[in-house]
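Take a look at the structure below.
Coordinate-derived values only; no laboratory data. This one's a predicted model, so the numbers in the text were calculated from it and none came from an experiment. Methodologically, a virtual Cβ is constructed for each residue, glycine included, from the backbone with ideal geometry; neighbour enumeration extends over all protein chains shown.
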Amino acid sequence: MELRDTILHKSYELLYKQGFHNSGVELLAKQAGTTKRTLYAHFGNKEGLIEEVLKYRHQMFMTQLKACFDNVDSKDVADVARCYLAFLKDWTSSEGFYGCLFINACAEYSDTQSSPHKIAHQHKTDIRQWLFAEFKRVNANDAKQKSDTLFVLGEGFIVAAQTGQESLTLDTDFFI
């Protein structure tokens, strides 16, 4: 693994677990086994590193989501809903789940013009568009409404899990 990738991966782990403001550059560099100077050489500053970590997480999330759907033969609206919610359930119940990095970014960077907030906005937009495409693929009536509804349900599920409500049971039949 190249040093830049190591810094990115180790920084992702620390920022995800401890938060953006609780993770100083010295700690991030130490976690990656490097120096602040080297970290700055690769990312410019902490903000540049945070931007790259968010982009890294976005790619990871979308790859995992697509792989989950590739392994399921979703033929109708309920299948899409079940698969997406099962994906979220697996993620939120996995070891090392510390919430959604993008929701966390919006909480720590409340200024909607901040780079982390903008990247989080784009991540959520991409998920909505992807869900819309999945509903269109199965010829769903009102695909936009269904994708928006599933997106909001999923976001609520993530926050519920983040706040210790993992025992929720969900009914996807209302998508039929």
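Here are the numbers for this structure:
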read-out: In Å, descending, principal axis extents of the Cα set of the chain; value: 55, 33, 30
read-out: Net charge, residue 94 excluded, C-beta distance under 15 Å - Lys, Arg +1, Asp, Glu -1; value: -1
read-out: Two-site FRET efficiency, residue 115 against residue 144, from Cβ-Cβ distance with R₀ of 30 Å, rounded to 0.05; value: 0.60
read-out: Residues of region 123-149 with amide N under 20 Å of a point placed 7 Å along Cα→Cβ from residue 76; value: 132-149
read-out: Full-extension gain in nm, residue 122 to residue 167, via 0.36 nm per residue minus C-alpha separation; value: 13.2 nm
read-out: Members of 36/89; 10/136; 89/136; 46/136; 46/89; 118/144 lying beyond 28 Å, as alpha-carbon distances in this model show; value: 36/89; 10/136; 46/136; 46/89
read-out: Partner aspartates and glutamates for residue 124 [C-alpha distance under 14 Å; skip if fewer than 8 residues away on the same chain]; value: 148, 155
read-out: Order of 9, 123 - criterion: other Cβ atoms within 10 Å of each residue's Cβ, fewest first; value: 9, 123
read-out: Sequence of 6, 34, 63, 169 once ranked by neighbouring C-beta atoms within 10 Å, starting from the fewest; value: 169, 63, 6, 34
